[in-house]
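Asks: Below are the structure tokens for one structure; questions will follow.
The values are calculated or read from the model by the stated rules, or taken from the named source; none is laboratory data. The shown structure was predicted, so the numbers you read here are calculated from the model rather than taken from an experiment. Because the Cβ atoms are built from the backbone with ideal geometry, glycine has one as well, and the counts that use them run over all protein chains shown. Only protein heavy atoms, including side chains, enter the accessible area calculation; ligands, DNA and RNA are left aside. Shrake-Rupley method; radii C 1.70, N 1.55, O 1.52, S 1.80 Å.
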Amino acid sequence: MSLLPAAALERLFLLLVALLPIEVGSLRLRGYYVSPADLVFLAVFAVWITSRARGRRSVPPSGLHFAMGGYLCALALSVLSSAEIGASLLKVAGVGRLVALAALTMDVVRSWAQLRAVLVAWLVGSGATAVAAAVGILLFYLGVRDPGVNVTLSSYGTLPPGDYPRIEGLFLNANMMCNYLNVSVMLALLMGRLGWLSARRLRIALAALGVAVWSTLSPGIGG
């Protein structure tokens, strides 16, 4: 193979990170959504297992690994007392994906250069989210207020309906977008602190992310 599993793993992982905020077009499976990032995760996980089998990835187990494993085992055991075993198993599988993603990150990101690449990939996804929010706001005030057409629009939830947009961007709800962008703001500040973003680019990023965050009108603003 011209592309080594380790290199393939890193590239797929960066693609996975960039795709995290893109849930538009997700498939629905027994009441749960399967996003494009979920599909890429399956490819990442397969390459990761292949790399481990070939001895090319070898991070020694740590206390955090055991803690995550114990948490997942506790959830799996709780299925035994569930009234909806099928649905509970699917939910445990979803949590297992998050645990595996954490383990993947610990295994893939081993240097400052790799950390920088991951943060850049995250900001690429954040940029796409901010652009989607801006387009959604513009379309709303141009009269495109049907969520079936303007897919960036969210329901008002507990907010009073009015002549203003509530944006979910490329996510499936506004609260998820808000939480994601809160993390994006902190990571942008970190990159600025480390000198990985110039002062000018940091200001632009914070302004764009700030507009996108406020457009969600969610409790997580400022959280």
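Asks: Which condition number does PRO160 fail, the rest of (1) in contact with a strand residue (DSSP E or B) (Cβ under 9 Å, 6 or more places away or on another chain); (2) farther than 16 Å from GLU23 by Cβ being met?
Replies: Looking at each condition in turn, PRO160 falls short on (1).
Asks: Considering GLY157, GLY210, GLY143, which residue is assigned to a loop (DSSP other than H, G, I, E, B) and touching a helix residue (DSSP H, G or I) at 6+ places or on another chain (Cβ under 9 Å)? Even if it seems obvious, please write down each step before you answer.
Replies: On the way: GLY210 fails: assigned to a loop (DSSP other than H, G, I, E, B); GLY143 fails: touching a helix residue (DSSP H, G or I) at 6+ places or on another chain (Cβ under 9 Å).
The unique qualifying residue is GLY157.
Asks: With respect to GLY125, determine if the residue is at pLDDT 95 or above, within 17 Å of the chain's Cα centre (by Cα) and either acidic (Asp, Glu) or in a helix (DSSP H, G or I) (or both). If you could, list the steps in order and put the result at the bottom.
Replies: Numbers: at pLDDT 95 or above: yes; within 17 Å of the chain's Cα centre (by Cα): yes; either acidic (Asp, Glu) or in a helix (DSSP H, G or I) (or both): yes.
In short, yes.
Asks: If ALA133 passes every condition in (1) open to solvent by less than 30 Å² (accessible area, probe 1.4 Å); (2) more than 30 Å from GLU10 (Cβ to Cβ); (3) under 20 Å from the mean Cα position of the chain (by Cα) but one, which one does it miss?
Replies: With (1) open to solvent by less than 30 Å² (accessible area, probe 1.4 Å); (2) more than 30 Å from GLU10 (Cβ to Cβ); (3) under 20 Å from the mean Cα position of the chain (by Cα) applied to ALA133, the lone miss is (2).
Asks: Quick test for you: out of ARG110, ARG116, ARG145, pick the one residue that is farther than 30 Å from ARG52 by Cα and of a type in the set (D, E, K, R).
Replies: Working: ARG110 fails: farther than 30 Å from ARG52 by Cα; ARG116 fails: farther than 30 Å from ARG52 by Cα.
Going through ARG110, ARG116, ARG145 in turn, just one is farther than 30 Å from ARG52 by Cα and of a type in the set (D, E, K, R): ARG145.
Asks: Taking the condition of being in contact with an Asp or Glu (Cβ under 6 Å, 6 or more places away or on another chain), closer than 30 Å to TRP112 by Cα and assigned to a loop (DSSP other than H, G, I, E, B), how many residues in region 171-200 meet it? Quick ask: steps written out before the conclusion?
Replies: Initial filter on region 171-200 (in contact with an Asp or Glu (Cβ under 6 Å, 6 or more places away or on another chain)): 171-172, 174, 177.
Keeping just the survivors that are closer than 30 Å to TRP112 by Cα gives 171, 177.
This time we only want the ones that are assigned to a loop (DSSP other than H, G, I, E, B), so: 171.
Looking only at that region, the number is 1.
Asks: Which members of region 76-116 meet the condition of being surrounded by 15 or more Cβ atoms within 10 Å (Cβ to Cβ) and outside any helix (DSSP H, G or I)?
Replies: VAL109, the sole residue that qualifies.
Asks: Here is a follow-up. Could you tell me whether any residue of region 59-66 is open to solvent by 40 Å² or more (accessible area, probe 1.4 Å), in contact (Cβ under 8 Å) with a residue 12 or more places away in the chain and assigned to a helix (DSSP H, G or I)?
Replies: Yes - at least one qualifying residue is present in region 59-66.
Asks: Right, here's the next one. Could you list, ordered by first residue, the pairs with Cβ atoms under 9 Å in which the first is in region 93-106 and of a type in the set (D, E, K, R) and the second is open to solvent by less than 40 Å² (accessible area, probe 1.4 Å) and in a helix (DSSP H, G or I), at least 6 apart or interchain?
Replies: Every condition considered, the pairs that remain are ARG97/ASP38; ARG97/PHE41.
Asks: When you go through (1) touching a residue at least 24 places away in the same chain (Cβ under 8 Å); (2) farther than 21 Å from ALA18 by Cα one by one for SER155, which number turns out not to apply?
Replies: For SER155, the exception is condition (1).
Asks: State whether the residues of region 189-204 include one that is out of contact with any helix residue (DSSP H, G or I) (no Cβ under 8 Å at 6 or more places or on another chain), surrounded by 13 or more Cβ atoms within 10 Å (Cβ to Cβ), among the hydrophobic types (A, V, I, L, M, F, W, C) and in contact (Cβ under 8 Å) with a residue 40 or more places away in the chain.
Replies: Looking for residues that are out of contact with any helix residue (DSSP H, G or I) (no Cβ under 8 Å at 6 or more places or on another chain), surrounded by 13 or more Cβ atoms within 10 Å (Cβ to Cβ), among the hydrophobic types (A, V, I, L, M, F, W, C) and in contact (Cβ under 8 Å) with a residue 40 or more places away in the chain, one finds none in region 189-204, hence no.
Asks: Would you point out the residue of region 143-160, among those that are exposed (fewer than 10 other Cβ atoms within 10 Å of the Cβ) and modelled with pLDDT under 90, that is nearest to the chain's Cα centre (by Cα)?
Replies: GLY148
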